[in-house]
């Protein structure tokens, strides 16, 4: 009987651990993995922008949004110039609160993080340039959310794959 109860307890712990550790969403064509909140499957979209195609993967919950977007660029472009243009387009008429250049991952890819105030919401966007592909990771919602553990966990789970 003791062995049976021990087995049941271990099975319950294993199920709880699996439920708390959602599997990453993987895009083989997008060459990335990320864990959306609760392991939710994102809505995907593809948009033709003339010379570029935008691929987006988004989950929205309770005035909170998590998004991975990428573009394949037609030619190499200097990271700073690309980030400047992308930042200007993302901010538009809204207010840029911060802009910080850094690197991403063990390959030290060029990266920029921006914070935008849009009405009563805050958007935190991380831009990563990997070869000729630009990734945009965005979390949006109330200010306290965009600086929360949940928002940072989304960024920390993002991985560029081969």
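Counted as qualifying within the range 27-70 are the strands (runs of 3 or more DSSP E) with 1 or more residues that are surrounded by fewer than 17 Cβ atoms within 10 Å (Cβ to Cβ) and in contact with a strand residue (DSSP E or B) (Cβ under 9 Å, 6 or more places away or on another chain), namely 43-48, 53-61. Test residue 97 against the criterion of being in a strand (DSSP E or B), over 22 Å from residue 26 (Cα atoms) and out of contact with any helix residue (DSSP H, G or I) (no Cβ under 7 Å at 6 or more places or on another chain), and give yes or no. The answer is yes for residue 97. What is the residue count in the range 141-155 for residues that are under 20 Å from residue 27 (Cβ atoms) and surrounded by fewer than 20 Cβ atoms within 10 Å (Cβ to Cβ)? The total comes to 2. For the condition touching a residue at least 12 places away in the same chain (Cβ under 8 Å), under 26 Å from residue 77 (Cβ atoms), out of contact with any helix residue (DSSP H, G or I) (no Cβ under 7 Å at 6 or more places or on another chain) and buried (at least 20 other Cβ atoms within 10 Å of the Cβ), residue 138 qualifies.
The set of residues in the range 143-160 being part of a loop (DSSP other than H, G, I, E, B) and at pLDDT 95 or above consists of 158 alone. Based on this model, can you work out whether residue 104 counts as over 28 Å from residue 40 (Cα atoms), in contact with a strand residue (DSSP E or B) (Cβ under 9 Å, 6 or more places away or on another chain) and buried (at least 20 other Cβ atoms within 10 Å of the Cβ)? Criteria not met by residue 104. Selection over the range 108-141 of residues that are modelled with pLDDT of 95 or more and out of contact with any strand residue (DSSP E or B) (no Cβ under 7 Å at 6 or more places or on another chain) gives a count of 1.
Reported count of residues in the range 108-121, each being surrounded by fewer than 21 Cβ atoms within 10 Å (Cβ to Cβ), farther than 17 Å from residue 78 by Cα and over 15 Å from the mean Cα position of the chain (by Cα), is 5.
The values are calculated or read from the model by the stated rules, or taken from the named source; none is laboratory data. All values derive from a computational prediction rather than experimental measurement. Neighbour counts run over all protein chains shown; Cβ positions are idealised from the backbone, glycine included.
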